[in-house]
Each structure stands twice: as C-alpha cells, then as structure tokens.
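Notes follow once the structure below has been shown.
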4 protein chains.
Amino acid sequence: MSGSVNKVILIGNCGADPEIRRTQDGRAIANIRLATSESWRDRTSGERREKVEWHTVVIFNEALAKIVEQYVKKGAKIYVEGQLQTRKWQDTQGNDRYSTEVVLQGFNAKLEMLDKRQGSGYQAGGSGPGDYGLDEDRATGASSQSSNSQTAGGGNFSRDLDDDIPF
Amino acid sequence: MSGSVNKVILIGNCGADPEIRRTQDGRAIANIRLATSESWRDRTSGERREKVEWHTVVIFNEALAKIVEQYVKKGAKIYVEGQLQTRKWQDTQGNDRYSTEVVLQGFNAKLEMLDKRQGSGYQAGGSGPGDYGLDEDRATGASSQSSNSQTAGGGNFSRDLDDDIPF
Amino acid sequence: MSGSVNKVILIGNCGADPEIRRTQDGRAIANIRLATSESWRDRTSGERREKVEWHTVVIFNEALAKIVEQYVKKGAKIYVEGQLQTRKWQDTQGNDRYSTEVVLQGFNAKLEMLDKRQGSGYQAGGSGPGDYGLDEDRATGASSQSSNSQTAGGGNFSRDLDDDIPF
Amino acid sequence: MSGSVNKVILIGNCGADPEIRRTQDGRAIANIRLATSESWRDRTSGERREKVEWHTVVIFNEALAKIVEQYVKKGAKIYVEGQLQTRKWQDTQGNDRYSTEVVLQGFNAKLEMLDKRQGSGYQAGGSGPGDYGLDEDRATGASSQSSNSQTAGGGNFSRDLDDDIPF
DNA sequence: TTTT
DNA sequence: TTTT
C-alpha cells in the first residue's frame, strides 16, 4: 500500500527512569513510560479535572538508547516522534495478547529533551545533549557511509545531507 | 501536568466498512480498522517487502460518525488526527486487558477523505463531503450555539472562539 | 477542495515578549517571534554548527492572546500548533510583498508552555497555566453553551461535539 | 538551542507540474506549488465558503526530485512533511525580501502520493512509486553503509533497520 | 495555479 | 531576537 503515514507525537513526562534492555546480539533498547495529560474545567462542578494517559515508548537504537539512559530520568519532560506499532504475544495461559507501543526506529523518529539544563556535567563531552534525534545515529551511519558514497558517486547532495546531519 | 501533547496522525486504508455503535444514551460512535503500511526493498534479496500495521480508530461524535457511516467505506483512504488512548477491560477469565486506540474526540481531531470523488450524488445534499474535520462542524455548531451561550453568560472564550472560526 | 491538511508544529523559544495588538473591533491578537534551531557536527571541521530559524506566530484569539501576554515571556520555550498562512501587503514603494506566518486560530490550534513553573503566583487564580490549548477554553465555553444550544435545536453537530468535549 | 522542533505537514494538490532546477554542481531540486484549502459554511449567509492557501515546497534531494519529476503532476494530491525555512534575497531595487518555504531535506522529511494509481506503467519498473520518503535516499546511502556496519558490528538491529528502509 |  |  502506498500513500501511508503512521506518526505519533507526544510531549509528556517520564514516569520512571528509562529501562535499558539488551537484545541477544547486544543491542541496547530503551523503554520509557511517558505520561501525557489533559486538564479541563468540569462543566457542572466547575472543578478542574485531569486525565492522564500512559504510553510505552520503545527506542530501537543503541546510540539513542544510551543517551536516553544517560540523560533522561524520571520526571523529565520529553518530545518523542515515532510510530504506532502493535505487538502480539502470548500470556501464560496461552491467550493472544496485544501491546501497542510508540516506536522510535529508523527515520522519521525524533526525541527532544525539553527540560532546562540545570547543573553541569554533561555539556563537557562536547557532544552535549539537546537534539537527540535518531538523526544523530543515522548520522553516524550515514557519515561513515558518506565518506564512501561521496567519493564514489560524487553526489554532493549526500554531502550536504551529511553536513546537515545533527551532531 | 501541563505542557502535554498527545497526537496521532495516520493516513491509511479502511480494512472494512466502519462499524457504528451506539451508547446507552443513544450517541453514535464509529469504529474504523485502518491499515498503514511501509514498504522497502530488502537489501539482500532485493525483493520488495511490506509491513502492514492495523489501527483501531474510534470516533466519538454522532454527526461525524454518521458521515463516516455514509461516506467511508472499506478500502477508502483517509487521514485521521486524534489521540492515543488505552482502555482497560476484563476478559472472560477476569484478566485485565488493555486496548490502545486512536481516538477522535473533541478538538484537535480531524478526519479527511483522500479518495477522489467518483460518481455523483452525495454532493447534492449541499453539505457535501470533503473537509470532514470536526472543524467545520464545530464551526457550524459553535456559531449557532454562541449566540446562545454568550448571552447565557457563557465563558467569553467561546465568544472569541467563534470569532476565530475561519471567517 | 477536500482532503486538505495545513499543519505546523513548532517547539522553540520566544525571542522577545509577545506583542499584543488589537483589531478595530477590540479583539486582542498576539504576535510571537519564535526561534527553532538545529545543530549538528560538521563532518570536515568536526565543529558543532547551528542553524536558527525565526518564525512569526500570530494568535487570533483574545483570551489566548491575553494568556500569552500574561505568561509567555522572552526566552520562554513553547509548543505551538497552527497553520501556514501567507499574507499579501504593499510596501511603501507599492510593491507586492508576502509574509508567511504560523497562525493559531479556531480549532486545531494549540499552545503549550514547556518551561517548568518556577516561583508562584499564577497558579493561584485557579485556572492555572499549563494546558493553554484553545482546547480547554473552547471546552469551557462549548460546554456551558451546549446545554443551551442543544435545546435550542442548534445544529446537532454541536450537540455531539459538546458531548465529545473531554468529559 | 536544544529541544527544538520545526515541522510542517501538508496535504494538498499541485497547482502545476513540479519545476526541476539544478544547482551549479548538478544536483536536482524540485519546486512544487501546493494548494491547501479549508471550507466552512458561512454563519450568516449559510453559504459554503472556501479559502485556499498556496505553499512553496522545495525538495533538496536529487533522487527524490527526480521521482517527483517523473510521477508528481499538476493536480496530484500529495502529503509532504518538512520544515519551515525563510530565505532572504534582494529584489531588483536592492530591498531585502524574504520567502518562506516548506523544505524537504535530510531526515524527518517525507513525501507521499495520495492519488490512486491509475493506468499502468510505472508499477512495472518494480520499484514503483508509493512511499517516496526522503528515506529512500538516505536508504541508499544507509544501505551501502550498512554492508559495512553489519559485518563490522553484526548488530542485526542495524540490519533490521536497514531492511526497513524504504526501497 | 490545484482540487471539490 | 531566543535557547544551549
């Protein structure tokens, strides 16, 4: 099917420190429980009410997962852009179960930290936090690649693209 | 919590005719099974591969649900903008189960039909299909309403809002 | 034309305090200069580079404009969701000029403050800052209205819509 | 600045065939004039009204520009996701002028064709149109790269990622 | 200048 | 003109 779009944009707060899992082959995957909320004034009572929604955000990207592990903590406010994915699994009774997650993977995925940097430290590394798009990771790949492709194909668009890559 | 955003944007095709349910108090609710897909060329085999993702879209709006019932059919390509919502329920064995849905409700919800109109007919009604955002309808409703609500001492926000309605 | 979407989503910092103008008929309009930026590491020099983009955000909504005036200050980080609009005007030499702005107006517009509330004060009012979507406010207005408009036989879309308002 | 987002999402119709320009160094750039529109029923007259907005979409990507040149024609309905960019230039009288464009470049850019494929032909090539994300271009780079990274790191996640890359 |  |  063509002409398809699957995009989720969330701004919320982390309910806990991210969990970092590792695949058999050693790749890091970060899981974040993210809370978004809406508030409104109740029509009848006039009271302010709030509804909180919890989302499971899964980051399939080792480099990004590590950054998340390092900088994203419980309570942090973040922006994530990914896609909806529903995973099928079996519970202990053998029933089919489904879990829907917001997956950041590959392109068109993005994560931004929205809290003011306080304190110090992590700026030191030079790379610094901030624009933690998956971009960055792709960038890594893309640039190591580009040194080839550029010379090879001379496509200087890919050159510019690489220049544009965050980092 | 403030500063929260919960937004889903999908473009996909309906897997079946929408289902219209009705709440106890008679409101119509439309359910759409929407498929999005990604395709890519497998690097090793060179074959084209495709991954389809199915989404449950729930439309809590009688008028919109009726429009959906009337014009959205199996196979139709639509744009939906709503929010992620996870609903808890009990299965027959009494286990907690969760279903995540894309909910179109209230503001910041939108539905657009992306297929070319073929044939005729439904334009006749005057209202016509096309921009089936909640927008348009709210606008209509909001304005007829505002003359009342404003006088009624309704929040003067609604007054401003009406002014804000696209022209 | 049907099947149309025009959406802009920005997260950035205000370059100055918002400007509040007023239309002839007394409605407030807020203007914000918003900076977004991208940064990346230059491939050849290894230096970190940054490109800043400035946006003009125009808020056509008296209540929201006032909230903006009150709480959004120079340096504030905000989320805005609106639409692209290009305005034609004449310069002093009589040449046609065009300005493109991000317009928040009517539905499908949203503004969220992303800075942590520090200090005190503005929570007191009860309404509180935070979710300054047009949402909330429309909801208020819309709901007080709905009890009327429904009876009044207002478009039954508005009826549904009101029902749809978050709770 | 960190924590920044600059995103534009449009669904509209092409007002003319795309223009393909070429930079001095031979890279293709596509320009599309895209119309979005809103329609609503006038509150007082009850008439249906429509407001059309024109956008300039600029695609800085040789491969994508060529696909656009080949498949996107006047009247086509497309989805584009890019970012806002304002370009400064001098008019013939030496005045500063600014043009704001929706730029598709690098990551987080996407273009989808939303018209039903009619007729035949272009499906034949095997690659087919459909998901014309910039992804595709990155994919090209990324995959040539991945053949390295995979062997090197064996991370089959990167393998999956690459596999996921459109085209 | 598109589209409905 | 913001922010990091």
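Charge tally around residue D:95: other residues with Cβ under 13 Å, Lys/Arg +1 each, Asp/Glu -1 each, net -1. Assuming R0 = 22 Å, what is the FRET efficiency of residue D:52 and residue D:98, from their Cβ-Cβ distance, to the nearest 0.05? Efficiency computed from Cβ-Cβ geometry: 0.50. Quick one: with label points 7 Å out along Cα→Cβ, list the inter-copy distances for residue D:24 in nm, shortest first? Label-point separations across copies, in nm and ascending: 5.1, 5.5, 7.5. Counting only other chain Cβ atoms within 10 Å of each residue's Cβ, the peptide D:102-113 averages 5. With label points defined 7 Å past Cα in the direction of Cβ, position residue A:90 shows copy-to-copy spacings of 2.7, 7.3, 7.7 nm, given to one decimal and shortest first. For C:37, C:99, the sequence from fewest to most other C-beta atoms within 10 Å is C:99, C:37. Annotation for the stretch D:8-24 versus the stretch A:56-116: alpha-carbon center distance of 34 Å.
Taking the Cβ of residue A:30 as the center, what net charge do the other residues with Cβ under 9 Å away carry, scoring Lys and Arg +1 and Asp and Glu -1?
It works out to a net charge of 0.
The local environment of residue C:80, defined by Cβ-Cβ distances under 10 Å, has a net charge of -1 under the rule Lys, Arg +1 and Asp, Glu -1. With a Cα cut-off of under 21 Å and a minimum spacing of 8 residues unless on different chains, the lysine pairs in the stretch A:13-117 number 12.
Which whole-number percent of Cα pairs in the stretch B:1-43 have a distance greater than 11 Å? Summing the P(r) of the stretch B:1-43 above 11 Å gives 77 percent of all pairs. Per-residue mean of foreign Cβ neighbours for C:80-89 is 3 (Cβ atoms of other chains, 10 Å radius).
For residue D:42, the point set 7 Å out from Cα toward Cβ sits 4.4, 5.7, 5.9 nm from its twins in the other copies, listed from shortest up.
Per-residue mean of foreign Cβ neighbours for C:24-37 is 2 (Cβ atoms of other chains, 10 Å radius). Reported value for the stretch B:35-108: 170 Å³ per residue, from the convex hull of its C-alpha atoms. Given R₀ = 51 Å, FRET efficiency for residue C:44-residue C:86 by Cβ-Cβ distance, to 0.05? Result of the calculation: an efficiency of 0.85.
What is the stretch A:1-74 by shape, rounded, prolate or oblate, if you read a ≥ b ≥ c off the alpha carbon gyration tensor as root eigenvalues and call it rounded for a/c under 1.5, prolate for a/b larger than b/c, and oblate otherwise? It comes out oblate by the Cα gyration axes.
We did not get these values from a lab; they are worked out from the coordinates using the rules stated. Source: prediction; values computed, not measured. In this analysis, Cβ positions are derived from the backbone assuming ideal geometry, glycine residues included, and neighbour counts consider all displayed protein chains.
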